[in-house]
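The values are calculated or read from the model by the stated rules, or taken from the named source; none is laboratory data. Source: prediction; values computed, not measured. Here the Cβ positions follow ideal geometry from the backbone for every residue, glycine too, while neighbour counts run over all protein chains shown.
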Amino acid sequence: MQILISLIGVFYLIVTSVLALYGLHNLITTIMYLRMKTPTKRKGELPPPSEWPRVTIQLPIFNEKYTVERLLQSVTHLDYPADRLQIQVLDDSTDDTVDLVGKLVEDYESQGINIELIHRVDRKGYKAGALENGLRTATGELIAIFDADFVPKPDWLKRTVPAFQNPELGCLQTRWGHTNQQYNSLTRAEAMGIDGHFIIEQTVRSKNGFFLNFNGTAGLWRRACIEDAGGWQWDTLTEDLDLSYRAQMRGWKFDYLPDVVVPAELPPQVEAYKKQQFRWAKGSFQVVRKLLPTVLQAKLPLKVRFMALLHLTGYFVHPLMLSLLLLTLPVGLLVPGAFKIFPISVLAGLGPPLLYLTATASQHKSVLKRLRSFPLLVIVGFGLSLSTSIAVLEGLFSKGGAFIRTPKLNVGNKRKSQSKVDRAYVAPLSSMVWIEIILGIYALVTGLILAPYIGWGIIPWMVIYMLGFFYIAGLNLIQHGMEAS
């Protein structure tokens, strides 16, 4: 029994130490961002090439009848020489999106636009398979990719293509914006999380020679880079991250333009958001298993390999958070001294707030107004820890899997009456919601039991866990109740 107690204490210290490492990573990343002096708009203002290269725009879609019309409207209005531009609609749809897209493509073709519809019925390889299939008939030396809910501005190509005058550049990512940030509390939290990634993390990685990733959409690839790196592969659920690392390991350079923003839709439904995060977490750890050993053994600077390690394993924070909750009660009852030797990490708690505060401040908007979403972002992060932890484990021990797309409903910031949404576009309620409620109760009980023994300082942490699980589960149940009525 004494050995078991000691092991529990040691495991708790390991969990908090590793969690602190990720918090320190956020802190260092933010400090690096604040110390940068390079003007963010420099690369977005490069002189145009003497001759504009051929560009193929690939639009991978699957059952997107609510957003595809808006997508094609924006893409067909991009300012670029018509004889140098090709648009491919890569449609794997199985619903009436097929008919809608067919009519739209015919209309644009009749206007003289170089656009083609490529419809598959087998969905082999899912999105990666559609992109790879499209390359067979693509004519561009540069390949732009947009998901169905993205709305590029007319000058997007004119602002990105000039960067490829650098022959070493293999991929250029632009920043995601938001079409529905104010739709509900969840979308406000999602927007803050995405802004932290795109404004701070991606900028720091691109400016300091660290590996960064194409985010799956709103980016531009050199076709030669895709082919040299082995093409699109579908043994992971994050084909974008996989190809990004394979390309950079081959010596290709990646860059990022934080000042070129493409608005996109945030998932307003909790279940849809959970499934999106599940896919990203599972896919990233499939890439960890596939590529991390090679990255760590490569002849790269130590800091590049270390930052790649933290980048690829970023979702490991969620299993650590869940482990911390489950361990707190037994540690508090059996080895309370562990709290005094290594209290819940200050670094783990300090890094993320500073990162998101900096991202918010950099947008020159009302910082105090936007920071109201930060407590909710924290709560959402804690509430997702169960679902994402399962995804991490699946990613470590399985290849591929079903690519469950995130439904897009073409919603804006204001709620408005609209025709009833097709039930196929609403993610079904997962039974995991009941386990989340149990974990919320467990967090509350843990705080109440331990407070008299180790102090009331434990209560705020347990309340955050409780609110996180109750928020995710509660909003999920409310949304599904409203949809069923």
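For residue 158, indicate whether it is modelled with pLDDT of 95 or more, in the same structural domain as residue 226 (by TED's automatic domain parsing) and not in a loop (DSSP other than H, G, I, E, B). Yes: the conditions hold for residue 158.
When residue 351 is tested against (1) at pLDDT below 80; (2) assigned to a helix (DSSP H, G or I); (3) within 30 Å of residue 36 (Cβ to Cβ), just one condition goes unmet, and that condition is (1). Per this entry, residue 30 is not counted among residues that are exposed (fewer than 12 other Cβ atoms within 10 Å of the Cβ), touching a helix residue (DSSP H, G or I) at 6+ places or on another chain (Cβ under 9 Å) and either in a helix (DSSP H, G or I) or modelled with pLDDT under 95 (or both). Within segment 146-161, residues that are farther than 23 Å from residue 410 by Cβ and charged (D, E, K, R) have Cβ atoms under 6 Å from residues that are at pLDDT 95 or above and not in a loop (DSSP other than H, G, I, E, B) in these pairs: 159/260, counting only partners at least 6 apart in sequence or on another chain.
Condition (residue is crowded, with 18+ Cβ neighbours inside 10 Å and charged (D, E, K, R)) applied to segment 94-109: is it met by at least one residue? So far as segment 94-109 goes, no, none of its residues is crowded, with 18+ Cβ neighbours inside 10 Å and charged (D, E, K, R). Checking each residue in segment 238-247 for being over 19 Å from residue 194 (Cβ atoms) and touching a residue at least 40 places away in the same chain (Cβ under 8 Å) picks out 239, 242, 245, 246, 247. Considering only residues of segment 81-93 that are among the polar types (S, T, N, Q) and within 18 Å of residue 144 (Cβ to Cβ), which is surrounded by the fewest Cβ atoms within 10 Å (Cβ to Cβ)? Only one residue fits best here, namely 86. Search segment 259-281 for residues that are touching a residue at least 60 places away in the same chain (Cβ under 8 Å) and within 16 Å of residue 219 (Cα to Cα) and pair each with any residue that is part of a helix (DSSP H, G or I) and charged (D, E, K, R) when their beta-carbon atoms are under 7 Å apart and the residues are at least 6 apart or on different chains. Listed pairs, sorted by first residue: 260/159. Residue 98 falls short on exactly one of the conditions (1) touching an Asp or Glu at 6+ places or on another chain (Cβ under 8 Å); (2) more than 30 Å from residue 207 (Cα to Cα); (3) touching a residue at least 24 places away in the same chain (Cβ under 8 Å), and that condition is (3). Hey, can you tell me all the residues within segment 163-192 that are within 17 Å of residue 262 (Cβ to Cβ) and not β-branched (Val, Ile, Thr)? Once the filter is applied, which keeps residues that are within 17 Å of residue 262 (Cβ to Cβ) and not β-branched (Val, Ile, Thr), segment 163-192 yields 163, 171, 172, 173, 175, 176, 177, 178, 180, 181, 190, 191. With respect to (1) buried (at least 17 other Cβ atoms within 10 Å of the Cβ); (2) among the hydroxyl-bearing types (Ser, Thr, Tyr); (3) more than 17 Å from residue 220 (Cα to Cα); (4) over 28 Å from the mean Cα position of the chain (by Cα), the lone exception for residue 50 is condition (1).
Considering segment 282-302, and only residues there that are assigned to a helix (DSSP H, G or I) and without any contact (Cβ under 8 Å) to a residue 40 or more places away in the chain, the residue that is surrounded by the most Cβ atoms within 10 Å (Cβ to Cβ) turns out to be 292. If the condition is being farther than 16 Å from residue 57 by Cβ and buried (at least 20 other Cβ atoms within 10 Å of the Cβ), then segment 110-126 contributes 125, 126. The residues of segment 217-231 that are buried (at least 20 other Cβ atoms within 10 Å of the Cβ) and out of contact with any strand residue (DSSP E or B) (no Cβ under 6 Å at 6 or more places or on another chain), listed by number, are 226, 229. Residues in segment 183-229 that are part of a loop (DSSP other than H, G, I, E, B) and more than 16 Å from residue 254 (Cβ to Cβ): 183, 184. crowded, with 23+ Cβ neighbours inside 10 Å and at pLDDT 95 or above: does that describe residue 176? Spelling it out, it is not the case that residue 176 is crowded, with 23+ Cβ neighbours inside 10 Å and at pLDDT 95 or above.
May I ask you to verify whether residue 267 is over 19 Å from residue 164 (Cα atoms) and in a strand (DSSP E or B)? Spelling it out, it is not the case that residue 267 is over 19 Å from residue 164 (Cα atoms) and in a strand (DSSP E or B).
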